[in-house]
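What follows is a set of notes on a single structure, which appears directly below.
The values are calculated or read from the model by the stated rules, or taken from the named source; none is laboratory data. This structure is a prediction, so every number in the text was calculated from the model and none was measured. Cβ coordinates were reconstructed from backbone atoms using ideal geometry, including for glycine residues, and neighbour counts include every protein chain displayed. With ligands, DNA and RNA removed, areas are computed over all heavy atoms of the protein, side chains included. Shrake-Rupley method; radii C 1.70, N 1.55, O 1.52, S 1.80 Å.
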Amino acid sequence: MNNFITTLLQFVNNPDERDTNYNIAYCLISHCHELDKMSVQDLADECYVSVSTFNRFFKLFGFKKFVIFKQLIASHVVIRLSQMQYRIKLKDYKQVESTFYSFLSSNDYQTVVNASAFIIQQCCETILKSKRIVLIGSDEMISNALRFQGDFCVMKKMTIKDSIYLERFFVPNEDDFVIIMTMSGRIVDLNDDLMEHIMARHPKALMIGNKDYIKENGMFLQIPMGLDEVLENMILDYYLQEIVYTYARDYYDC
């Protein structure tokens, strides 16, 4: 579903340009479950902007009244949660596993489908205890995680993108859960200090890609080497979807 949370994430996913629109979008997403109880003044105060500045933001989307704007966000949250609940009931998000069985070797299938189950459960337990999820990685892989971001935001777990450029980088906090996505590890190889900055405050972390660059206290979901890009992206999407639906089923009452 293309819900309005993912529209707002387009602002938040530009961490190299943290302007007023970034701050307003971040605030709206983090309060998406409480908007019915908040006035324009409440939200403007929360975003540290004037009411007129806040009004200009929602008018970017063609809304003349704030009440319509916040009703749209609230309705999209409810609709997306009901969709997730329906998919969990039917288990239709599991259908891709049969596709992997046809295209992956037995060893790669074991890695992707069977061996990953325990790690995904660990991820969900860690996410439950974390304040927010921080995504770090190549633009291509992060763009594939937009639905993942939106789904966790509607499940009250703020999920944001961090920059890979150290001048604009914010160091993840100890209570963050960091997901590092790099298929070949190029972003790590090109920046010797990146992993040191990511792990400086010792957050829990997950690496998704061909190689594990987290030296200790991390989790790793491997995308086997030697596959074509279509299969690599399918496996990435599978891992992200499994984390979402395992969390929704076991830890969030949607």
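Could you work out how much longer the chain between N217 and F170 gets when fully extended? Use 0.36 nm per residue separation minus the Cα distance between them, nm to one decimal.
14.9 nm
Percent of accessible area on the chain owned by carbon and sulfur, 1.4 Å probe?
After summing per-atom areas, the C and S share lands at 48 percent.
Would you tell me the accessible area of E232, worked out with a 1.4 angstrom probe on the heavy atoms of the protein chains, in Å² to the nearest 10?
30
Sticking with the crude label model, points 7 Å out along Cα→Cβ, report the distance from S138 to I79 in nm, one decimal please.
Between S138 and I79, the label points sit 3.4 nm apart.
Which lysines, on any chain, are close to K204 with Cα under 28 Å apart, when same-chain ones fewer than 8 places away are left out?
Answer for K204, where 28 Å is the Cα cut-off: K94, K129, K131, K156, K157, K161, K215, listed by chain and number.
Under the classification rounded if a/c is under 1.5, otherwise prolate if a/b is larger than b/c and oblate if not, where does the stretch 4-85 fall, given a ≥ b ≥ c as square roots of the Cα gyration tensor eigenvalues?
Taking the square roots of the gyration eigenvalues as a ≥ b ≥ c, the stretch 4-85 is oblate.
Can you spot the aspartates and glutamates whose alpha carbon is less than 17 Å from K70's alpha carbon? Ignore those fewer than 8 places along the same chain.
Those aspartates and glutamates meeting the cut-off are E34, D36, D42, D45, E46.
If you restrict to DSSP beta bridges whose two residues both lie in the stretch 92-252, what percentage is antiparallel, to the nearest 5?
For the stretch 92-252, the DSSP antiparallel bridge percentage is about 0.
Could you tell me which trypsin sites (Lys or Arg not before Pro) in the stretch 1-100 are loop residues by DSSP with no more than 14 other beta carbons within 10 angstrom of their beta carbon?
Filter output for the stretch 1-100: K64, K65, K91.
Tell me, what is the per residue accessible area of the chain in Å², probe radius 1.4 Å?
50
What is the spin-label model distance, in nm, from L190 to T53 if the labels are put 7 Å beyond Cα along the C-beta direction?
Label-label distance for L190 and T53, simple model: 3.3 nm.
Compute the Cα gyration tensor for the stretch 76-119, then decide on rounded, prolate or oblate, letting a ≥ b ≥ c be the square roots of its eigenvalues: rounded whenever a/c is under 1.5, prolate when a/b is larger than b/c in the other cases, and oblate in all that remain.
Since a/c reaches 1.5 and a/b is larger than b/c, the shape of the stretch 76-119 is classed as prolate.
Between F100 and N210, take the C-beta separation as r, use R0 = 22 Å, and let me know the FRET efficiency to the nearest 0.05.
0.85
Taking the Cα centre as origin and putting +1 on Lys and Arg beta-carbons and -1 on Asp and Glu beta-carbons, what dipole magnitude results for the chain, to the nearest 20 debye?
Rounded to the nearest 20 debye, it is 1120 debye.
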